[in-house]
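Step one of this worksheet: look at the structure below.
What follows is calculated from the coordinates using simple rules that are stated; it is not laboratory data. Predicted model only: the values in this text are computed from it and were never measured. With ideal geometry, Cβ positions are generated from the backbone for all residues, glycine too; neighbour counts draw on all protein chains shown.
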Ligand SMILES: [Zn+2]
Ligand SMILES: [Zn+2]
């Protein structure tokens with residue numbers, strides 16, 4: 001699934017498509033079909049689209065400072081390539097070759113990582129594409145309809161060049177609207193519904209599968225002990241009616257443990273999630289407006305109890321230190337509860353090992369651009 005696209009094609013293809021749709025549609029159709037006011041609106045939208053695209057290409061997502069130290073209660077994840085600790089939500093990008101704050105994915109179409117500082121620019125770019133291309137598509141379809149209505153007229157009355165351009169531009173505009181529209185919906189849905197980056201959504205689905213095989217809880221309990229130096233006394237189950245379960249843990253308690261009992265700490269509710277990712281509402285349309293926060297630490301929701309509950313575990317809760325002098329990996333740590341036979345079956349069939357696991361779309365962590373050598 002992982003693919004590499006050179007920046008020449010990654011940026012060249014969108015530039016060619018935007019220029020073709022934006023200027024050919026205007027020249028062949030909009031000068032004739034639209035009022036001056038509508039033509040101005042279209043060209044202003046196109047200018048904003050170009051501006052947001054250029055900023056999305058050049059604005060860096062941010063990298064951690066070399067002296068960054070994780071605070072107590074966070075994983076100590078040492079990046080052996082950058083020689084620094086990764087802050088929470090950061091990953092090392094294989095293409096950019098640096099650790100990226102709140103990494104969402106590496107985008108081949110901007111030849112840049114989408115992360116904390118450029119997420120608003122990337123979202124604005126998607127929205128300007130959906131709006132401007134939607135405008136273009138609407139008037140192209142109107143022109144197509146007029147060609148259809150005039151289909152019985154003698155053909156010398158119809159400009160062959162314009163008809164050819166309509167046949168070329170309409171499918172292109174539909175393709176752009178659907179593909180960018182789906183990506184925009186996916187990004188905004190994740191932000192509003194959970195505040196997760198695309199990598200964190202992937203991580204959540206992986207944990208969900210581990211929950212289903214019933215072996216996640218012992219890993220979390222062991223991690224809690226390592227992280228806070230004491231035993232986990234209880235966890236709050238949100239499965240049916242919220243209830244605190246003691247760690248006497250008979251079999252029925254284990255059976256109740258599900259993915260709903262794992263709280264994603266950075267989910268602050270739809271409105272706050274949107275503001276933290278996209279910035280203050282009064283700046284949304286401004287080309288240079290950035291996000292809230294420094295990308296090194298993030299506010300957590302009210303259900304996170306400091307050192308008191310399973311909810312205080314850092315994300316992902318089945319991770320563990322990859323400290324400066326440690327060779328341990330998340331895979332090795334989460335594998336420790338499985339005997340050798342089971343481990344082989346898991347790797348082959350369920351793919352629950354983090355570096356190899358694929359979600360329902362067949363995406364592995366590497367497909368988001370994460371450098372797996374640095375992640376392990
Ligand atoms: Zn790094
Ligand atoms: Zn990158």
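What distance in nm separates the simple spin-label points at residue 17 and residue 188, each placed 7 Å from Cα in the Cβ direction?
Taking the simple label geometry, residue 17 and residue 188 are separated by 1.9 nm.
Classify the stretch 1-75: rounded, prolate or oblate, from the alpha-carbon gyration tensor (a ≥ b ≥ c, eigenvalue square roots; a/c under 1.5 rounded; otherwise prolate if a/b is larger than b/c)?
prolate
What spacing in nm lies between the two simple spin-label points modelled at residue 83 and residue 138, each 7 Å away from Cα in the Cβ direction?
5.6 nm
On a C-alpha basis, how far is the centre of the stretch 73-118 from the centre of the stretch 17-50 in Å? Whole number, if you could?
Their Cα centres are 37 Å away from one another.
Nearest 0.05, what FRET efficiency do residue 175 and residue 230 give at R0 = 56 Å with Cβ-Cβ as r?
Once rounded, the FRET efficiency stands at 0.50.
Taking the Cβ of each residue in 201, 99, 211 as the centre, tally the other Cβ atoms inside 10 Å and list the residues starting with the fewest.
211, 201, 99
What's the extension gain from residue 208 to residue 32 if we count 0.36 nm per residue and subtract their Cα-Cα distance?
Answer, rounded to one decimal: 57.8 nm.
Can you sort 63, 272 from fewest to most other Cβ atoms within 10 Å of each residue's own Cβ?
By the 10 Å Cβ count, ascending: 272, 63.
Would you order 76, 225, 206, 354 from fewest to most other beta-carbon atoms within 10 Å of each residue's own beta-carbon?
In order of increasing Cβ crowding within 10 Å: 225, 76, 206, 354.
Could you let me know the centre-to-centre spacing of the stretch 123-144 and the stretch 169-208, using Cα atoms, in angstrom?
So the two Cα centres are separated by 18 Å.
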